[in-house]
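Visitor: I have a structure here, written as structure tokens, and I will follow up with some questions on it.
The values are calculated or read from the model by the stated rules, or taken from the named source; none is laboratory data. Note that the structure is a prediction, hence the values are computed from the model and not measured. A quick note on method: Cβ atoms are made from the backbone with ideal geometry, for glycine too, and the neighbour counts reach across all protein chains shown.
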Amino acid sequence: MADIKKILFATDFSENSKWALTYALSIAEKYGARLYVLHVIQQPSYPLGMYAEISFDAMDKFNRNISEVTEKEMKHLCEIELKGFTNYESIIINGIPFMEIIRYAKEKEANLIVVGTHGRTGLDHVLFGSTAEKVVRKAPCPVLSVRLPGKEFKMP
């Protein structure tokens with residue numbers, strides 16, 4: 001088995017993501033690995049005509065508010081969920097989530113990526129896919145995708 005020294009855990013702060021963190025933390029503790037806790041702020045996309053209606057000051061204020069809320073959420077997550085585990089680094093970046101997760105995993109030479117999955121189905125899945133699915137397909141290392149208990153998989 002490969003030596004696991006660096007684990008990248010990607011979070012969206014959801015219940016499913018917090019459940020996946022229990023796996024990332026358990027593996028990090030078992031192997032003495034460094035845990036990178038990453039959140040990617042995806043910039044909202046607006047219909048083209050909307051830009052004329054939104055001032056740059058309003059957009060800048062909105063982005064600052066998102067950053068402040070995200071920083072508080074990350075601090076809370078690390079303080080509560082990591083329960084005294086100290087071998088970690090928390091990171092917040094802007095971008096397209098699956099691309100930034102993959103880029104950061106390469107940059108840090110992660111041995112494992114841990115992500116929660118929401119089990120998206122139907123037309124939504126066909127049109128957009130899921131961040132977890134895209135990470136699994138394109139990651140430079142193994143990926144552990146964790147489903148929230150009680151979420152049932154239904155065959156079409």
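Visitor: Provide a single number: the residues in segment 9-20 that are part of a helix (DSSP H, G or I) and either of a type in the set (Gly, Ala, Ser) or surrounded by 24 or more Cβ atoms within 10 Å (Cβ to Cβ) (or both). Quick ask: steps written out before the conclusion?
Guide: Going residue by residue through segment 9-20, those that are part of a helix (DSSP H, G or I) are 15-20.
Narrowing the set further to residues that are either of a type in the set (Gly, Ala, Ser) or surrounded by 24 or more Cβ atoms within 10 Å (Cβ to Cβ) (or both) leaves 17, 20.
Qualifying residue count for the region: 2.
Visitor: Let me ask another. I'd like to know if segment 98-114 contains one or more residues that are among the aliphatic types (A, V, I, L, M), in a loop (DSSP other than H, G, I, E, B) and within 11 Å of the chain's Cα centre (by Cα).
Guide: Taking segment 98-114 first, the residues among the aliphatic types (A, V, I, L, M) are 99, 101-102, 105, 110, 112-114.
Add one more test, that the residue is in a loop (DSSP other than H, G, I, E, B), and what stays is 110.
Add one more test, that the residue is within 11 Å of the chain's Cα centre (by Cα), and what stays is none.
No; the residues of segment 98-114 include none that is among the aliphatic types (A, V, I, L, M), in a loop (DSSP other than H, G, I, E, B) and within 11 Å of the chain's Cα centre (by Cα).
Visitor: Could you tell me how many of the residues in segment 117-156 are at pLDDT 60 or above and either in contact with a Ser or Thr (Cβ under 9 Å, 6 or more places away or on another chain) or part of a loop (DSSP other than H, G, I, E, B) (or both)?
Guide: Final tally of qualifying residues: 21.
Visitor: Given the conditions (1) surrounded by fewer than 18 Cβ atoms within 10 Å (Cβ to Cβ); (2) over 17 Å from the mean Cα position of the chain (by Cα); (3) modelled with pLDDT of 90 or more, report the number of the one that residue 33 does not fulfil.
Guide: Of (1) surrounded by fewer than 18 Cβ atoms within 10 Å (Cβ to Cβ); (2) over 17 Å from the mean Cα position of the chain (by Cα); (3) modelled with pLDDT of 90 or more, only one is false for residue 33: (1).
Visitor: When the residues of segment 37-81 are narrowed to those that are within 16 Å of the chain's Cα centre (by Cα) and part of a loop (DSSP other than H, G, I, E, B), which ends up modelled with the lowest pLDDT?
Guide: My answer is 43.
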